[in-house]
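Bear in mind these aren't lab numbers, they're just calculated from the coordinates by the rules spelled out. Keep in mind it's a predicted model, so treat the numbers as computed, not measured. For neighbour counting, all protein chains shown are included, and Cβ atoms are generated from backbone atoms with ideal geometry for every residue, glycine included.
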Amino acid sequence: MADLDELAMAMPQTTKEVSKDGRPSYLVHGRMYCFHRSRRPDAVDPETGERLDDVLMFRVEGLEVKDLLVADERTPYFTTPHFDGYPAVLLRIPDLARLDREELRELVAEAWLTRAQKRVAKAWLAEHALPDEP
């Protein structure tokens, strides 16, 4: 989570809001691109049936990107019916360890790009190259 916080806060014009129970949300221009979800009935531990308390949501460029990430069994990304038709993937906090720092940086940057103003995103992209693949 420390890496996520550092990478998200390094994105231009990002602000961080923290809920009463300590869950961070990262926003650009008041638009959320990543946040720590509260317990929801749509995300439960398959072994215990308990609602998951460790789920992060990241915006993605579109439903095609989401489908590719979720379908790849090598990745830790998933979705729930609540997010059907919504361009976002979910990731459990313990699974952050499955991503190296560069993969996490790309995930954060791609999420940020979905919400940043076009001129701000264009300026950032001019200075930073991201891979073409999701």
Worksheet item: Between PRO24, HIS82, ILE93, whose Cα lies farthest towards the positive end of the dipole of region 2-127 when Lys and Arg beta carbons carry +1 and Asp and Glu beta carbons carry -1, centred on the Cα centre?
Response: PRO24
Item to complete: Divide, for the chain, the radius of gyration over alpha carbons by 2.2 N^0.38 Å, where N is the residue count.
Response: 1.03
Worksheet, complete the sentence: GNM of the chain, Cα pairs under 10 angstrom: of ASP84, ASP67, ASP95, the biggest fluctuation goes to ASP84
Discussion item. Just want the answer: with Cβ charges of +1 for Lys and Arg and -1 for Asp and Glu, which residue in LEU113, ALA71, THR14 is farthest toward the dipole's positive end in region 4-134?
Written reply: THR14
Practice prompt. Take every Cα-Cα distance within region 59-120, group them into 10 Å bins from 0 onward, and report for each bin the whole-number percent of pairs it holds.
Written response: 21, 54, 23, 2
Worksheet item: Are there trypsin sites (Lys or Arg not before Pro) in region 1-36 that DSSP marks as loop and that have at most 12 other Cβ atoms within 10 Å, and which are they?
Response: LYS20
Discussion item. Nearest 10 degrees is fine. How inclined is helix 101-113 to the longest principal axis of the chain, computing both from alpha carbons?
Written reply: 70 degrees
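Quick check for me: using +1 on Lys/Arg Cβ and -1 on Asp/Glu Cβ, what's the dipole size of the chain about its Cα centre, in debye to the nearest 20?
Computed about the Cα centre, the dipole is about 780 debye.
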Fill in: Helix-only CD estimate at 222 nm, as mean residue ellipticity for the chain, using -39500 (n - 2.57) per DSSP H run (n ≥ 4)
-9000 deg cm²/dmol
